[in-house]
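Student: Once you've had a glance at the structure underneath, I'll fire off some questions.
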Ligand code: ZN
């Protein structure tokens, strides 16, 4: 038996008055997911624990069976691994944006007008060395970058330079611990921010942008300083050869750090326009080679964060149509769940549990015949936490060791 784990980011929601107090998932026409629920076993899953409002990174780690309290050291490393950095245990990684600031470092635009063609700018600030520390920069999607700080005795206990708001000044990166290594890292990161700004201000591409009336990308805003926690590989934990399919770079990075093989799929964008059909096809193909395939679909979350519950409902319906071929797989457990709830009304993640269904040959069934936040309460799985999922799946595929004799 193989496993296909589909994580639909932010799939669950809260009841919406305009939808007759139903959620987008309840309101959506999802005959295929309902069929999985009818033939499989369902329940509710707290991605991390009761009363924890997970970020996507933490929700995922927990579902893969990695206790975030032990293994989570900030988001920057996942972004950095996502753009292709090979991180050492000593690297400190930030995620960042190209932004536009004025002479006094007041932020005019946090995304430099959503600049896309940043390759030349990245090249200009990549590889800067100061005080025995090297700064490596790689392009992320759109205006985003990942910055890796490489050197001896560095600390990731650092505040952000990004105030997360416009019309505010760029912040000095502050040490969050009173240690020499921490103070030293903060100092050198601030020096890098200054030097990269001086390079960017004078860069021909930015001068050209200003001439065209476009916003110059003259500042790197950094956030999410982190280190790579010692993550045991997915294979060493479970003995399963695993692959990942995700459009978003952070999800690719997280999978890569767990030792999953990241498969590129043309048209997988991590956005609403993503090619779900191609992703499902790629996942089905990958199951011929790998024991465990993780498939991530992002836009349900982003649409809810934009408050667009109708688009979220329509996106869920698109997913449902595309999963039809999975019902024919004879030797695979199909699991559908989410990494957290995203409320379309609040436009943010919430701590509510998310529905989960497990379907496959020989799986025990229950009375649940539709797949949504309300119906699965009566399912056989009951309430579980993220950390319970992998043992449940291992048991279903006959790979869970016995406890006792
Ligand atoms: Zn998420």
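The values are calculated or read from the model by the stated rules, or taken from the named source; none is laboratory data. Please read these numbers as outputs of a predicted model, since none were measured by experiment. Here Cβ is always computed from backbone atoms with ideal geometry, including for glycine, and neighbour counts include all displayed protein chains.
Student: Go over the candidates 164, 156 one by one and state the one that is touching a strand residue (DSSP E or B) at 6+ places or on another chain (Cβ under 6 Å) and assigned to a loop (DSSP other than H, G, I, E, B). First the steps, then the outcome.
Tutor: Working: 164 fails: touching a strand residue (DSSP E or B) at 6+ places or on another chain (Cβ under 6 Å).
It is 156.
Student: Against the conditions (1) over 20 Å from residue 332 (Cα atoms); (2) in contact with a strand residue (DSSP E or B) (Cβ under 7 Å, 6 or more places away or on another chain), where does residue 298 fall short? Just the number, please.
Tutor: Single failed check for residue 298: (2).
Student: For region 28-66, how many residues meet the condition of being away from the ligand (no atom under 16 Å from the Cβ), outside any helix (DSSP H, G or I) and either within 17 Å of residue 301 (Cα to Cα) or more than 20 Å from the chain's Cα centre (by Cα) (or both)?
Tutor: Counting residues in region 28-66 that are away from the ligand (no atom under 16 Å from the Cβ), outside any helix (DSSP H, G or I) and either within 17 Å of residue 301 (Cα to Cα) or more than 20 Å from the chain's Cα centre (by Cα) (or both) gives 10.
Student: Continuing with this model, one more query. Being within 24 Å of residue 260 (Cα to Cα), modelled with pLDDT of 95 or more and within 15 Å of the ligand (Cβ to nearest atom) narrows it down to one of 299, 286, 278, so name that one.
Tutor: 299
Student: Residue check: is residue 306 more than 16 Å from the ligand (Cβ to nearest atom) and more than 16 Å from residue 338 (Cβ to Cβ)?
Tutor: Considered against the rule, which asks whether it is more than 16 Å from the ligand (Cβ to nearest atom) and more than 16 Å from residue 338 (Cβ to Cβ), residue 306 comes out as no.
Student: Also, I was wondering about something else. Answer with yes or no whether residue 25 is outside any helix (DSSP H, G or I), at pLDDT 95 or above and at negative phi.
Tutor: When the stated conditions are applied, residue 25 does not pass them.
Student: Here are 347, 361, 313, 321: which of them is within 14 Å of the ligand (Cβ to nearest atom) and farther than 15 Å from residue 7 by Cβ?
Tutor: 347
Student: Same structure, new question: Can you tell me how many residues within region 1-21 are in contact (Cβ under 8 Å) with a residue 12 or more places away in the chain and either on the phi > 0 side of the Ramachandran plot or away from the ligand (no atom under 16 Å from the Cβ) (or both)?
Tutor: The number of residues fulfilling the criteria is 8.
Student: Please work out if residue 81 is outside any strand (DSSP E or B), more than 16 Å from the ligand (Cβ to nearest atom), over 24 Å from residue 346 (Cβ atoms) and under 23 Å from the mean Cα position of the chain (by Cα).
Tutor: yes
Student: Same structure again: Show the residue pairs meeting these rules: Cβ distance below 9 Å; 6+ apart or different chains; first residue within region 52-76 and touching a residue at least 40 places away in the same chain (Cβ under 8 Å) and at positive phi; second residue surrounded by 20 or more Cβ atoms within 10 Å (Cβ to Cβ) and in a loop (DSSP other than H, G, I, E, B).
Tutor: Listed pairs, sorted by first residue: 74/156; 74/227.
Student: For region 209-303, which helices (runs of 4 or more DSSP H) that fit wholly inside it have 3 or more residues that are surrounded by 24 or more Cβ atoms within 10 Å (Cβ to Cβ)?
Tutor: Helices (runs of 4 or more DSSP H) meeting the threshold: 249-257.
Student: Considering only residues that are part of a strand (DSSP E or B) and within 26 Å of the chain's Cα centre (by Cα), which ones fall in region 101-130?
Tutor: Looking only at region 101-130, we keep the residues that are part of a strand (DSSP E or B), and these are 101, 106-109, 128-130.
Once the filter is applied, which keeps residues that are part of a strand (DSSP E or B) and within 26 Å of the chain's Cα centre (by Cα), region 101-130 yields only 109.
Student: What do you reckon, is residue 331 touching a residue at least 12 places away in the same chain (Cβ under 8 Å) and surrounded by fewer than 24 Cβ atoms within 10 Å (Cβ to Cβ)?
Tutor: Details: touching a residue at least 12 places away in the same chain (Cβ under 8 Å): yes; surrounded by fewer than 24 Cβ atoms within 10 Å (Cβ to Cβ): yes.
In short, yes.
Student: A further question on this structure: Within region 232-253, which residues are within 19 Å of residue 291 (Cβ to Cβ) and out of contact with any strand residue (DSSP E or B) (no Cβ under 6 Å at 6 or more places or on another chain)?
Tutor: Selection gives 232, 233, 235, 236, 237, 238, 239, 241.
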